[in-house]
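First the structure, in the form of structure tokens, and then the observations on it.
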Amino acid sequence: MITLDKFYIDGGWVAPASDATMPILSPATNQRVGTLSMGNEADVDAAVQAAKRAFETFSMTSKDERLALLRRLAEVTRARMDDLAHAMTTEMGAPATMSREVQADAGIGHLEAFIDALEALDEEETLPNGDILSREPIGVCGLITPWNWPINQIALKVVPALAAGATCVLKPSEHTPLSAQVYAEIVHEAGYPAGVFNLVQGDGPTVGAALSRHPDVAMMSFTGSTRGGSAVSRDAADDFKRVTLELGGKSPNLIFADADLDKRVAEGVDACFFNTGQSCDAPTRMLVERSVYSRVLELAEAAAKATVVGDPEQEGDHIGPLFDEIQYDRVQAMIDKGIDEGARLLSGGPGRPAGLPEALQAGWFVRPTIFCDVTPEMVIWREEIFGPVLVITPFDTEEEAITLANDTDYGLAAYIQTGSEDRARRVARRLRAGALHINGRDADYGSPFGGFKHSGNGREGGVYGLEDYMEIKVRPPFAA
């Protein structure tokens with residue numbers, strides 16, 4: 001049984017001020033695997049004060065000093081990759097292979113990209129008018145990360161703060177505390193000064209709100225639900241904090257008749273179901289040119305039926321469970337809603353997959369599900385489901401496809417499948433989304449990630465993500 005009863009504050013592991021706890025549950029078995037101590041406002045204040053003290057000196061470090069620390073952080077991260085992967089498999093059900101090769105890999109991929117970005121960044125430059133511009137760390141940063149991509153999001157927030165010379169307090173999701181614990185150990189071993197990085201476990205309404213409201217926090221970076229992002233923004237408003245948000249999505253995948261259908265449809269289904277559909281940028285709405293609609297439905301159904309659901313502790317390319325009972329119930333309710341709304345069930349449906357081993361039958365496994373003939377007024381078209389559920393609808397013209405794709409409150413990602421480069425460029429220009437995926441090609445580490453509309457503001461990754469943690473200062477050249 002795992003016991004996480006210490007927070008990392010001011011360079012050491014300390015007992016929390018709060019005596020509240022919660023169980024750590026395996027989503028694969030619904031069995032308890034540990035106990036987590038939950039923080040409160042006093043814990044947050046202790047962490048913020050440590051970060052505030054550390055900022056006085058860490059903000060004055062040179063770029064070379066910070067690069068040396070980041071390179072050491074990379075060494076330690078590489079040595080702990082298996083520990084990160086195992087933690088995420090245990091706490092949120094990411095299958096072992098995917099957890100190691102994708103979930104944990106993000107911790108080193110983003111870090112290396114931020115090293116490159118910092119190396120290339122001019123922290124001071126002369127403007128055309130002769131004035132001197134400098135980029136300086138913003139201050140104490142409050143970082144709130146989600147459960148679905150734990151280390152990916154921790155790296156996208158912690159690393160640029162450290163690279164910029166800022167200090168930080170991390171509040172990871174209370175549902176994925178194990179990987180955050182390992183990451184704190186990594187930062188400590190890398191040799192960062194006391195107070196530069198701090199970890200307080202706890203829930204959003206308590207720890208997250210205390211962090212967002214704290215007057216000594218200069219910036220909040222939040223990844224999670226639209227509702228949570230709104231709460232952080234309101235809590236941060238009184239002190240005029242900088243707030244960056246990466247929120248939900250309902251990303252369209254436009255399938256044109258000239259695409260390589262056999263390849264691109266299967267890729268689209270796999271991308272929707274990847275991480276058991278628990279990705280904010282998943283292509284969950286497939287829009288298909290009507291002339292190939294029947295063929296695409298056949299290919300999509302075959303891809304869904306080929307998707308294996310299984311034990312996350314096992315190696316392989318299968319998908320695992322949803323991360324908890326609340327998410328399972330929500331996905332089941334949305335599947336039922338789709339049936340009630342009259343969408344045609346192409347594959348999957350309510351309930352758990354058949355054939356699960358007895359040990360997994362209490363876990364939060366769902367059937368990979370596809371609805372077709374979905375219309376824009378349906379709830380399953382409009383709301384983020386966050387499970388392996390794909391909706392498909394036809395279109396007749398390119399103009400209609402663009403209109404349907406943009407018919408959403410979100411704007412995180414969009415996917416285009418076509419054999420025409422001209423069409424790909426033309427359509428991409430008109431889609432209101434922050435990240436475009438074309439013919440199976442995704443952006444790499446170091447590119448900015450973020451969305452339009454209700455999907456948030458700000459960008460994470462590379463130089464643009466680094467600049468979010470910096471302030472701009474301008475001074476005239478010295479004259480005696």
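Using the average count of surrounding beta-carbon atoms within 10 Å as a protection proxy, the listed peptides 47-55, 116-124 rank, highest first, as 47-55, 116-124. By how many degrees, between 0 and 90 and to the nearest 10, does the Cα long axis of helix 41-58 differ from the longest principal axis of the chain? Once rounded, one gets 60 degrees.
Looking at segment 145-285, the pairs of alpha carbons with a distance over 22 Å make up 47% of the total.
Contact order for segment 252-451, expressed relative to its length and based on alpha carbon pairs under 8 Å spaced 6+ residues apart, stands at 27 percent.
Suppose we look only past 24 Å in the calculated P(r) of segment 1-131. What percent of the Cα-Cα pairs does that tail hold? Don't skip to the answer; put the middle values down first.
On the way: 4609 of 8515 pairs.
When all Cα pairs of segment 1-131 are counted, 54 percent exceed 24 Å.
Counting only cysteine Cβ atoms and a cutoff under 4.7 Å, the chain contains unmatched residues Cys272, Cys280, Cys372. Computed over segment 2-247, the convex hull of the alpha-carbon atoms projects to a mean area of 13.2 nm². How big is the C-alpha Rg of segment 386-480 next to the rule-of-thumb value 2.2 N^0.38 Å, as a ratio? Computed over Cα atoms of segment 386-480, the ratio equals 1.48. The three principal axes of the C-alpha atoms in segment 438-480 carry coordinate ranges of 60, 23, 14 Å, sorted with the longest axis first.
With the cut-off at 18 Å, tell me which of the pairs Lys6/Lys171; Lys250/Lys453; Lys453/Lys473 have Cα atoms farther apart than that.
Details: Lys6/Lys171 13 Å; Lys250/Lys453 12 Å; Lys453/Lys473 29 Å.
In this structure, Lys453/Lys473 exceed 18 Å between Cα atoms.
Convex hull volume per residue, computed on the Cα atoms of the chain, equals 146 Å³. For the chain, the longest principal axis of the Cα atoms and the long axis of helix 421-430 meet at an angle of about 60 degrees.
All C-alpha to C-alpha distances of segment 252-451, sorted into 5 Å bins beginning at zero, yield P(r) values of 1, 8, 17, 20, 20, 16, 10, 5, 2, 0, 0 percent in whole numbers. Between helix 325-341 and the chain there is an angle of about 40 degrees, using the helix long axis and the longest principal axis of the Cα atoms. Dividing the mean sequence gap of close Cα pairs (under 8 Å, 6+ apart) by how many residues the chain holds gives a relative contact order of 19 percent.
Taking the beta-carbon count within 10 Å as an exposure proxy, list Leu360, Leu156 from fewest neighbours to most. Please list the in-between numbers first.
Numbers: Leu360 23, Leu156 27.
With the fewest neighbours first, Leu360, Leu156 line up as Leu360, Leu156.
Helix content alone sets the calculated 222 nm mean residue ellipticity of the chain: runs of n ≥ 4 DSSP H residues at -39500 (n - 2.57) each, divided across all residues, give -11500 deg cm²/dmol. Between Glu56 and Arg423, what is the label-to-label distance in nm when each label sits 7 Å out along the Cα-to-Cβ direction? With each label placed 7 Å out from Cα toward Cβ, I get 6.3 nm. Rg over Rh for segment 294-362 works out to 0.99, both radii taken from alpha-carbon positions and Rh defined as the Kirkwood radius. In terms of packing, defined here as the mean over residues of other Cβ atoms within 10 angstrom, the peptides 240-248, 196-204, 351-359 line up highest first as 196-204, 240-248, 351-359.
Given C-alpha coordinates of segment 60-155, what is the ratio Rg to Rh with the Kirkwood estimate of Rh? Intermediate values should be presented prior to the final figure.
Numbers: Rg = 17.1 Å, Rh = 15.5 Å.
My calculation puts Rg/Rh at 1.11.
When all C-alpha to C-alpha distances in segment 328-371 are sorted into bins of 10 Å, what percent of pairs does each bin hold, rounded to whole numbers? For segment 328-371, the pair-distance distribution reads 28, 50, 20, 2.
When Rg is the radius of gyration of the Cα atoms in segment 59-116 and Rh is its Kirkwood radius, what does Rg/Rh come to?
Details: Rg = 13.6 Å, Rh = 12.2 Å.
We get a ratio of 1.11 for segment 59-116.
Just so you know, all these numbers are worked out from the coordinates, no wet-lab data involved. Keep in mind that what you see is a predicted model, and the values were worked out from it rather than measured. In this analysis, Cβ positions are derived from the backbone assuming ideal geometry, glycine residues included, and neighbour counts consider all displayed protein chains.
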